[in-house]
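Comments concern the structure below.
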Protein chains: 2
Amino acid sequence: MSNKQLAFLDRLTEVLPEEALVHDESVLSENSRDFGQLAEEPIRPIAVVVPTEVEQVQRVMRLATEFGVPVISRGAGTGVSGGVHVLGPAIVLNLSKMNRILEIRPDDEIAIVEPGVINHDLNTAVAEFGLMYAPDPASYKMSTLGGNVATNAGGLRCAKYGVTRESVLSLDVVLADGRLIRVGKNTFKGVAGYDLAALFTGSEGTLGIVVRAVIRLRYLPVDQRDISLVFPSLEEAVHGVQLIARARIQPAILELVDHATMQVLDEQYSTNLSASGGAMLLARLDGYGALREEDAIRDVFAERDVEVSPSGSNGATELIEMRRTSRGDTKDDAYRTGEDVAIPKSKMVEYVHRLQATAKQERVDMRMISHVGDGNLHPTFSVEPDDGDDPLGRLHRAVESSVRIALEMGGTITGEHGVGLIKKDWLPWEQSADVLELQRSIKGLLDPLNILNPGKGI
Amino acid sequence: MSNKQLAFLDRLTEVLPEEALVHDESVLSENSRDFGQLAEEPIRPIAVVVPTEVEQVQRVMRLATEFGVPVISRGAGTGVSGGVHVLGPAIVLNLSKMNRILEIRPDDEIAIVEPGVINHDLNTAVAEFGLMYAPDPASYKMSTLGGNVATNAGGLRCAKYGVTRESVLSLDVVLADGRLIRVGKNTFKGVAGYDLAALFTGSEGTLGIVVRAVIRLRYLPVDQRDISLVFPSLEEAVHGVQLIARARIQPAILELVDHATMQVLDEQYSTNLSASGGAMLLARLDGYGALREEDAIRDVFAERDVEVSPSGSNGATELIEMRRTSRGDTKDDAYRTGEDVAIPKSKMVEYVHRLQATAKQERVDMRMISHVGDGNLHPTFSVEPDDGDDPLGRLHRAVESSVRIALEMGGTITGEHGVGLIKKDWLPWEQSADVLELQRSIKGLLDPLNILNPGKGI
């Protein structure tokens, strides 16, 4: 450790309570990374700071600015893009102990939270008021709202209820130099000045440290109907998505499960899905219209070669829960990579065909689950370590092709996971030099010393 | 006109088709302002440019940068905050002739539009595909999508469907120096880089000129049920809003009409509303759940002293249309000012009581309509020109009080109209010096010469 870093740590010791500054090797190790798989191994941070008060975060940032030491803020570290990987000398600011729900205002339909509150815990707390927090990333049982805000997290029910941005009304942000600002508003509507709350949302810890959020809540649906539909082929399942849309039905959840994923579910849960058809849709209808929407879906497919789950059975609900954990909570490894593109919905079949061709060419396995209601696709590529020449090279090429093809179709390199480190090289494939430069300029305004999660996001 | 301005106009003549550069006095006059009422009279712009192609906008901005001449971009000019008022030497860039719907992609649920497309025209065009564009400012029959984007326009059905930002996926923006950039994505989800589309949305023409937008569409509701509820008092009507929320009903429209506004409607439409009660709620339920939601509302108020419109009658629908035009399309004048705060929903009764006290103290009239589903209130204050001492001073004090009280309650100075010129002095009441400074810095990055609608918005 350099003398400067040692001096910085000395000063941190002076301004923080003893328990907030952690040097324990196992804690350093746990805080060196998220779930993202990267060729380069993360290193241990200089120290981990676990603040419990906003003022502590401000003190840390004042000193970080004074000494020019990078700060990586994080929550549970469930991200999959390497957004909190430590690759150079830095401290980690772990916000998971700032986990108080400060206020729930049922009649205002808002909650005020610290960044370390677990997504699921907020939902549990507000349910008794007939309210919910809508965005539901696969990690919702573990991930923090601060992390959700940092990545503008998505989830299954975003097509109906919006992504994290649509639930973030106001943010308190500690800036690089330790100043505390409040952006946004407490109300659903508000157009005073530029939309700085949206600017910080999804900025992956590169513009400031979110220490408090005013969150919009939604009504907990009075009714919920789940339905599964098994189609002979993927093409017919995708066509089914269009038929549901043309009936103007807005499911809360609409997931497309391909045949390979049905086989994975069969292995994990001893089901027999893969024998029943070529692809599956899982739909959740909710709210006052749930029953009528379920009926409408049954009408749409009544005369078609589709196996629809019987009314009132629990099967579809179980399948949705199985699907939730079939990929989202599974860590990738060197030989398996899950992707996260979004494409215009009409291109779905063409996209899958081109991915299948790519997988065949590179001799890798491909399976795919999709938040098909909003065109957000998660193809997973894998290869056996001992299978032929350069398996990792083939895997890498297949993954890159999946991203390039999505872009050719007018899509994006990341629907909901964030750029982090892993997708940074791809960002110039999607965005022009001028747009990249503008983002670097904004970063420069807010973080002139480049100490906030440097090298990530943009 | 200065020599520099004359030289600038000469160069514009060289790079624009003849019909795109207008000097006609009546056109200059029409383009000098929007509907906003300001003590200072707007002046005529140096010229009005009416481009039909993106490249023309780029040429204008290149020359504006070269000569340092301010550019005020505008659409229909239906804004009420003076956002496009001309107060110093400037040209006006009127985008209303860039009004092509470039593409409708029903299966992708998007439309690609030029900025001059009228909100209502887009809705008409997409209706045949079973789709709609959700944000519906009162001016929707006249206002342009470019103007809607510039102000992040709201409307009646925002609580359910979101404001303009939630329907803007991607923007093409001509920067101050004439460069053209594309920000955002074509898909509902997408988190690559900072949310620049949100940054430009609502920036009131101060950061760039929007020349193309990718717009998210929603499903046209399969069903729609309107219902009116007349309450003995305003307090009971507001309590009724809470009862509807607690039944977890999300109306597409929920408007609160106070007694004074009922009287205005009576005068305009020869109705007899004001005799029937003290305040009114107008609700529109839509989608597959409309009928069940209507029934649920009837259940909620069955045992209460509330006059509910009979099922299947057309009265509530007519009232909603009457309400739409009862304020939104009415221009203010020197002696009548409509405000646009938003406050936490639970504070509604307290807010109205304090406003009534203020109106009494200042001897001005006050009436109020509200998008009560999202806490966005439009109190209107008026005074008779010949009524006592300093009527304008009293009016002004009452208006300022209404804004200060909203802020004391955690609200905002503008729910949906924008800051423009008229609310600029109030922005520091809501936002800290650091936040204002950050916005000025962002403005400085994108518009270093301060030629994009200078002096507005922030």
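The values are calculated or read from the model by the stated rules, or taken from the named source; none is laboratory data. All values reported here derive from a predicted model rather than from experimental measurement. FYI the Cβ positions are ideal-geometry reconstructions off the backbone, even for glycines, and counts take in every protein chain you see.
From the list A:Asp425, A:Asp447, which residue is out of contact with any strand residue (DSSP E or B) (no Cβ under 8 Å at 6 or more places or on another chain) and closer than 25 Å to A:Val57 by Cα?
Just one listed residue meets the conditions, A:Asp447.
Take segment B:373-413 and flag every residue that is more than 10 Å from every other protein chain (Cβ to nearest Cβ), within 30 Å of B:Leu285 (Cα to Cα) and of a type in the set (Val, Ile, Thr).
Within segment B:373-413, just B:Thr380 meets the criteria.
When you go through A:Ala290, A:Ala275 one by one, which is the residue that is farther than 13 Å from A:Ala237 by Cβ, at pLDDT 95 or above and within 12 Å of chain B (Cβ to nearest Cβ)?
A:Ala290
Residue by residue through segment B:80-117, note down the ones that are more than 13 Å from B:Leu28 (Cα to Cα) and among the small types (Gly, Ala, Ser).
B:Ser81, B:Gly82, B:Gly83, B:Gly88, B:Ser96, B:Ala111, B:Gly116
Of all residues in segment B:1-41 being surrounded by 14 or more Cβ atoms within 10 Å (Cβ to Cβ) and touching a Pro at 6+ places or on another chain (Cβ under 8 Å), which is farthest from B:Phe67 (Cα to Cα)?
By that ranking, first place goes to B:Arg33.
So B:Val48 passes all but one of these: (1) part of a strand (DSSP E or B); (2) of a type in the set (A, V, I, L, M); (3) free of Cβ contacts under 8 Å to residues at least 24 places away in the same chain. Which condition number does it fail?
(3)
Under the condition of being touching a Gly at 6+ places or on another chain (Cβ under 9 Å) and buried (at least 19 other Cβ atoms within 10 Å of the Cβ), which residue from segment A:431-446 is nearest to B:Ala192 (Cα to Cα)?
Checking each candidate, the answer is A:Gln431.
Are any of the residues in segment B:84-106 touching a His at 6+ places or on another chain (Cβ under 6 Å), of a type in the set (Lys, Arg) and more than 14 Å from chain A (Cβ to nearest Cβ)?
Checked segment B:84-106: no residue is touching a His at 6+ places or on another chain (Cβ under 6 Å), of a type in the set (Lys, Arg) and more than 14 Å from chain A (Cβ to nearest Cβ).
So which of A:Leu93, A:Leu102, A:Leu156 ends up being part of a strand (DSSP E or B), buried (at least 24 other Cβ atoms within 10 Å of the Cβ) and either in contact with a Lys or Arg (Cβ under 8 Å, 6 or more places away or on another chain) or assigned by TED's automatic domain parsing to the domain that holds A:Val210 (or both)?
Of the residues listed, the single one that is part of a strand (DSSP E or B), buried (at least 24 other Cβ atoms within 10 Å of the Cβ) and either in contact with a Lys or Arg (Cβ under 8 Å, 6 or more places away or on another chain) or assigned by TED's automatic domain parsing to the domain that holds A:Val210 (or both) is A:Leu93.
May I ask you to say which residue of A:Pro42, A:Pro115 is closer than 23 Å to A:Glu18 by Cα and part of a loop (DSSP other than H, G, I, E, B)?
Of the residues listed, the single one that is closer than 23 Å to A:Glu18 by Cα and part of a loop (DSSP other than H, G, I, E, B) is A:Pro115.
Counting only residues that are over 25 Å from the mean Cα position of the chain (by Cα) and among the charged types (D, E, K, R), which one in segment B:241-279 is farthest from B:Thr317 (Cα to Cα)?
Applying the filter and picking the extreme gives B:Arg246.
Output the residues belonging to segment B:107-152 that are closer than 21 Å to B:Val57 by Cβ and among the aliphatic types (A, V, I, L, M).
B:Ala111, B:Ile112, B:Val113, B:Val117, B:Ile118, B:Leu122, B:Leu145, B:Val149, B:Ala150, listed by residue number.
Limited to segment B:122-166, what total is found for residues that are in contact (Cβ under 8 Å) with a residue 40 or more places away in the chain, within 11 Å of chain A (Cβ to nearest Cβ) and not hydrophobic (A, V, I, L, M, F, W, C)?
Going through segment B:122-166 one residue at a time, the tally reaches 8.
Restricting to segment A:353-379, name every residue that is at positive phi and surrounded by fewer than 24 Cβ atoms within 10 Å (Cβ to Cβ).
A:Arg363
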